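One structure below.
The values are calculated or read from the model by the stated rules, or taken from the named source; none is laboratory data. Predicted, not measured: the structure shown is a model, and the values here were computed from it. Using ideal geometry, Cβ is built from the backbone for each residue, glycine included, and neighbour counts are taken over all protein chains shown. These area figures cover heavy atoms from the full protein model, side chains too; ligands, DNA and RNA do not enter into them. Shrake-Rupley method; radii C 1.70, N 1.55, O 1.52, S 1.80 Å.
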Number of protein chains: 2
Amino acid sequence: MTGYSRSAETRKIAAEIDLCEVMETAAEAVVGADLVILCVPVGAMGAAAKEIAPYLKEGAIVSDVGSVKTEVIEAVYPHLGDRFIPAHPIAGTEHSGPRAGFAELFDGRWLLLTPLENSSKQAVAALRKFWEEMGSDVDEMDPQHHDLVLAVTSHAPHLIAFTMVGVADDLGRVTSSEVVNYSAAGFRDFTRIAASDPTMWRDIFLNNRDAVLEVLGRFNEDLSELQRAVRRGDGDKLHRLFSSTRDVRRGILELGQDRKRKPSKK
Amino acid sequence: MTGYSRSAETRKIAAEIDLCEVMETAAEAVVGADLVILCVPVGAMGAAAKEIAPYLKEGAIVSDVGSVKTEVIEAVYPHLGDRFIPAHPIAGTEHSGPRAGFAELFDGRWLLLTPLENSSKQAVAALRKFWEEMGSDVDEMDPQHHDLVLAVTSHAPHLIAFTMVGVADDLGRVTSSEVVNYSAAGFRDFTRIAASDPTMWRDIFLNNRDAVLEVLGRFNEDLSELQRAVRRGDGDKLHRLFSSTRDVRRGILELGQDRKRKPSKK
């Protein structure tokens, strides 16, 4: 397995930890490969596709791991055409860089394929097999629908967590150590989310703008309603709203139990 | 140890699992006790204090576990005076009721005491010792400051999580099973938060209104700024904002490592 990163530092670390055979150019990394996976921020996918296109062997499949699909397809398709089969593994931590990987990262996690109209069925099947062998559960989805689902389950929640952590830091009367020591589980979750890679997230918001803005618009409306209930001391309304959210969560828990997780392949 | 709950169902379960000696009235539960702890939603503290006051023995200490302190003190002090020493264990899960407890719940978690001006030093020391023996790290804080710290580390984040989970549920084009299956770690954290007890949370917001509204006001301002940057496609601004949040988190992580957690007392 070969790999390439534009960053010399990343190449150095990848070689040190023996992550793969580290090449000095993108061209060398893709020559002769059956499968190439683009693992760069979504805003850099187009340039990466353009750079490797001339060096791909006949029949090579190119895929990616971007959290946005529609705009990535628009950026990559002109360079690769139907060799490109977009994918998104819903896995990862707040850590980034070559040292952030671990063998079980994809075990029992979903991998969404968003094939194009003319994608080769054989190539899609091969990519599915690749990810299943990494431990993933694979599903297929339309790219536009993928971007809406991820806006609500990941992108908007990240923006909200980023914001709340910033508010805590700016509130002069509360010290950082008070924030650390006295944060309930909920806020600790927020701060962990807010530690993710800024470039990756910038690109996600620039490339999934419409879906994210739709979800945030609804969020703002609903938060205003709750905020007004707090201001007015409307306990009945607060209780009703909190109870319904609790029911949603119960539904989610029941569904979650139905879903059988694959045993970990350690 | 004796216990009482207004709910017959709760008393029945508590007796079944042998949680304590379950009494049929609050009066019976407190008679002869050296220490009484009020574990009811913060809006019910005043009534509970009034109900037990006539039955307390000379020198009994009364404390509580409410997530809000200023309004609880206002409600309880008229009935108990300086016998009342307010406290807040920063521990718990999204589950509630007698079956939700477990032996390690307080191990290495903070317990904030917010003593009153005339609280007996001896009584405060005794209460501190009680919680330390439960495994908690104990700190003292002014009640008003406690309420601001908790507004930013717990109350506002909860309101935000509740709201976001409701948005996901209302977005008709995304199914519940898609929300469950394809939610990144961040959103799973939100849904867990949103499953907490609605009565407890209603009372928190009714009783810590000013601090919560201050924090939400700042949150709305900052979220609007990020939202505008997304709408305008201002990548530099997004990157700058995300980078600064990341630094806050780094600071938090470093502080967190300094703090030595007590070994668990299993």
- What's the average, rounded to a whole number, of partner chain beta-carbon atoms within 10 Å of each residue's beta-carbon in A:140-152? 3
- Item | DSSP-defined beta bridges in chain A - what % are antiparallel, rounded to 5 | 20
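Give the whole-number value, in cubic angstrom per residue, of the convex hull volume spanned by the C-alpha atoms of the protein assembly as shown. Intermediate results must be reported in sequence, preceding the final value.
Numbers: hull volume 85.2 nm³, N = 532.
Each residue corresponds to 160 Å³ of Cα convex hull volume.
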- Just the accessible area per residue of the stretch A:1-71, please: how many Å² with a 1.4 Å probe? 54
- B:Lys12-B:Glu58 FRET efficiency (beta carbon distance; Förster radius 35 Å; 0.05 resolution): 0.60
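Which net charge results for the neighbourhood of A:Gly32, defined as the other residues with beta-carbon distances under 14 angstrom from its beta-carbon, given Lys and Arg at +1 and Asp and Glu at -1?
In short, -3.
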- Given the options B:Leu105, B:Leu223, B:Leu150, state which has the largest fluctuation in a GNM of chain B using a 10 Å cut-off (strictly under) for Cα springs. B:Leu223
- In degrees, nearest 10, range 0 to 90: what is the angle between the Cα axis of helix B:235-258 and the longest Cα principal axis of chain B? 30
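Which FRET efficiency, nearest 0.05, do B:Ser243 and A:Glu28 yield, Cβ-Cβ r, R0 30 Å?
Values: r = 32 Å, r/R0 = 1.07.
Calculated transfer efficiency: 0.40.
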- Which chain A residue comes nearest the axis with its C-beta when you rotate A onto B, and by how many angstrom? A:Asp189, 2
- Query: Using a Gaussian network for chain A with springs between C-alpha atoms less than 10 Å apart, which of these wobbles most: A:Phe130, A:Phe242, A:Phe102?
  - Reply: A:Phe242
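Based on Cβ point charges of +1 for Lys and Arg and -1 for Asp and Glu, what charge dipole magnitude is obtained for chain A about its Cα centre, in debye rounded to the nearest 20?
Details: 32 positive and 40 negative charges, 166 e Å.
Around 800 debye, computed over chain A.
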- How much mean residue ellipticity at 222 nm does chain B get from its helices, if each DSSP H run of length 4 or more adds -39500 (n - 2.57) and you divide by all residues, to the nearest 500 deg cm²/dmol? -16500 deg cm²/dmol
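From other protein chains only, count the Cβ atoms within 10 Å of every residue's Cβ in A:201-209, then give the mean.
Details: counts 6, 12, 3, 2, 10, 7, 1, 1, 4.
For peptide A:201-209, the averaged partner shielding equals 5.
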- Nearest-first distances (nm) between copies at B:Met1, label 7 Å from Cα via Cβ: 5.1
- Query: Of B:Phe187, B:Ile90, B:Pro143, whose Cα points farthest to the positive end of the dipole of chain B (charges on the beta-carbon: +1 Lys, Arg; -1 Asp, Glu; origin at the Cα centre)?
  - Reply: B:Phe187
- Query: R0 = 45 Å: FRET efficiency of A:Asn220 with B:Leu116, Cβ-based, nearest 0.05?
  - Reply: 0.65
- Message: Highest mean first, how do B:63-74, B:210-221 rank when packing is the count of other Cβ atoms within 10 Å averaged over residues?
- Response: B:63-74, B:210-221
- Considering only the label points, 7 Å along Cα→Cβ from Cα, what distances in nm to one decimal separate A:Lys121 from the same position in each other copy, shortest first? 8.5
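Across peptide B:232-244, how many C-beta atoms of other chains are within 10 Å of each residue C-beta, on average?
5
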- What quantity of accessible surface, computed with a 1.4 Å probe and excluding non-protein components, is buried in total between chains A and B, in Å² to the nearest 100? 8400
- Using Cα pairs under 8 angstrom and six or more residues apart, how large is the relative contact order of chain B, in percent? 17
- How large, in Å, is the stretch A:156-209 by the Kirkwood hydrodynamic radius built from its alpha-carbon pairs? 12.0
- Query: How far apart are the A:Gly101 label points across copies, placing each 7 Å from Cα toward Cβ, in nm, shortest first?
  - Reply: 4.9
- the stretch B:121-162 residues near the modelled A:Ser176 label - backbone nitrogen below 20 Å, point 7 Å along Cα→Cβ: B:149-150, B:152-154
